[in-house]
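K.L.:
Please find one structure pasted underneath; my questions will follow.
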Amino acid sequence: MASLRFRLQSLGLTSSALQSGFLAVAMIAAGSFDYAVNILAGRRLVPMEFSVFVTVTAILQVMVQATNVIRNVVAFYTAESTVSTDASARVGMVLRRSWHWAWRWGMIATVALALAGPVLARFLRIDSPWPLWAAALALLLLFLRPVTDGTLQGVQHFWGLGWVQILQSIGRLAFTALLIGLGGQAAGVILALPLGSTLALALALLLLRSYFRAPPSTMPRPISRKYALTTLAGLLAFALMVNVDPILVRRLFGDAIAEAYAPIVTLGKMNLFIPLGIGLVLFPKATQRQAAGRDSRPVLLLALAATLLPGLAFTLLYWIVPGRIVHTIFGEAYAAPGVVLALVGLATTLYAGVNIWLNYALSLERHSYIYALAAIVAGQIGAMLLFHARLESIALIMILTGITANLAGLLTTFRKPLSFPVNKV
């Protein structure tokens, strides 16, 4: 590994560029393993159990985005601490205080979700609360992991952060295969997430052990509540935009339609997952240009193009042979999706563009886009509740939401900034 790194550096690639590139590749690899979990579950679980897995996973994805604000805040204040003379001590203070906070509130959230499990199961028309109780265990890790991930990101330990992401996804896939083999249903597949995440957390704690042992120091400046709340609002709005459809489909349409919709959601998310990996590589270049006093908008447009084009290609494929794709990947137990698969694919492609606009807005503190995005998502949910005669109606509302959110990004963030603000993402 060291020899390979030296050879790459001899070609003019800096350590920072190598680490950033490795992190991007690691995120794409981790996403691929996570996607394999969905395909494995789709092929090995009966349609009813797979639809339950997709519904509960959508709820967890909303929680992932909500708790990602912890990672962003920890990363920002950790990075700020690294420039002080007692950097290790200050980073250790941020890490320890964040860790204690995450344990306290993570346990509260976990107990709350566990207690609400039976009620949520009835609301979502799920026969057993066990899948939601498995999700409650995952919720605790969703509070703890952002603390360690944010610290690794803040100290720019990208090699370690990349391996942490890969270990979680490989572990999750392995536990999924094991639990399904032992007869586990939807609850078992969901349980694989906290089990895999525990392995990743153990590696992160090993990498950060020196900061946990660092001597006490003064805390950096107080955390900006406005920044934290704005970031939370933006991430939560995006999470609801992307994940609300399977939740409402199960609630509004019942078991049979939810079962048919589960593979559609899983395939549609491919249009979101792959472009996000590309955007992760391209987007930091925008901040570098801006920091140097150069116009970042050309790189933003490049990131949008790289994000949207692969999704549009998948959407075209979904339009041409939707039934063959579903039957090849998930088996003959699922009905041919018809035009709905292409419509959902187009919607999730548009959502990938929204993610680029959201990160761009947060990096430049364009709060107006966050407010617009929250209003658009509220309209999306309201429209789905009012107009849900057919699955095609849900998909068309998703497309309209994606178009509106991208236009809002263009109108609120595309103007050239007069100066480059402190990056808080």
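The values are calculated or read from the model by the stated rules, or taken from the named source; none is laboratory data. This one's a predicted model, so the numbers in the text were calculated from it and none came from an experiment. Neighbour counts are summed over all protein chains in view; Cβ atoms, including those assigned to glycine, are modelled from backbone coordinates with ideal geometry.
K.L.:
Please pick out the residue among 313, 342 that is more than 25 Å from residue 50 (Cβ to Cβ) and either at pLDDT 90 or above or surrounded by fewer than 13 Cβ atoms within 10 Å (Cβ to Cβ) (or both).
P.N.:
Of the residues listed, the single one that is more than 25 Å from residue 50 (Cβ to Cβ) and either at pLDDT 90 or above or surrounded by fewer than 13 Cβ atoms within 10 Å (Cβ to Cβ) (or both) is 313.
K.L.:
Do you know which residues across segment 352-384 are among the aromatic types (Phe, Trp, Tyr) and either surrounded by fewer than 22 Cβ atoms within 10 Å (Cβ to Cβ) or within 21 Å of residue 246 (Cβ to Cβ) (or both)?
P.N.:
Of everything in segment 352-384, just one residue is among the aromatic types (Phe, Trp, Tyr) and either surrounded by fewer than 22 Cβ atoms within 10 Å (Cβ to Cβ) or within 21 Å of residue 246 (Cβ to Cβ) (or both), namely 371.
K.L.:
With respect to residue 58, determine if the residue is in contact with a Leu (Cβ under 6 Å, 6 or more places away or on another chain), assigned to a helix (DSSP H, G or I) and modelled with pLDDT of 70 or more.
P.N.:
So residue 58 does not fit the description; no.
K.L.:
Please work out which one of (1) in contact (Cβ under 8 Å) with a residue 60 or more places away in the chain; (2) in contact with a Gly (Cβ under 7 Å, 6 or more places away or on another chain) is the condition residue 152 fails and give its number.
P.N.:
Answer for residue 152: the failing condition is (1).
K.L.:
Filter segment 385-395 down to residues that are surrounded by fewer than 20 Cβ atoms within 10 Å (Cβ to Cβ), in a helix (DSSP H, G or I) and in contact with a helix residue (DSSP H, G or I) (Cβ under 9 Å, 6 or more places away or on another chain), then give me how many there are.
P.N.:
3
K.L.:
Another one. State whether one or more residues within segment 144-160 are in a helix (DSSP H, G or I), farther than 17 Å from residue 74 by Cα and not assigned by TED's automatic domain parsing to the domain that holds residue 250.
P.N.:
yes
K.L.:
Now, a different point. Could you tell me whether residue 347 is crowded, with 22+ Cβ neighbours inside 10 Å, among the aliphatic types (A, V, I, L, M) and touching a residue at least 24 places away in the same chain (Cβ under 8 Å)?
P.N.:
It is true that residue 347 is crowded, with 22+ Cβ neighbours inside 10 Å, among the aliphatic types (A, V, I, L, M) and touching a residue at least 24 places away in the same chain (Cβ under 8 Å).
K.L.:
Continuing with this model, one more query. Provide a single number: the residues in segment 316-329 that are more than 22 Å from residue 393 (Cβ to Cβ) and either crowded, with 21+ Cβ neighbours inside 10 Å or charged (D, E, K, R) (or both).
P.N.:
1
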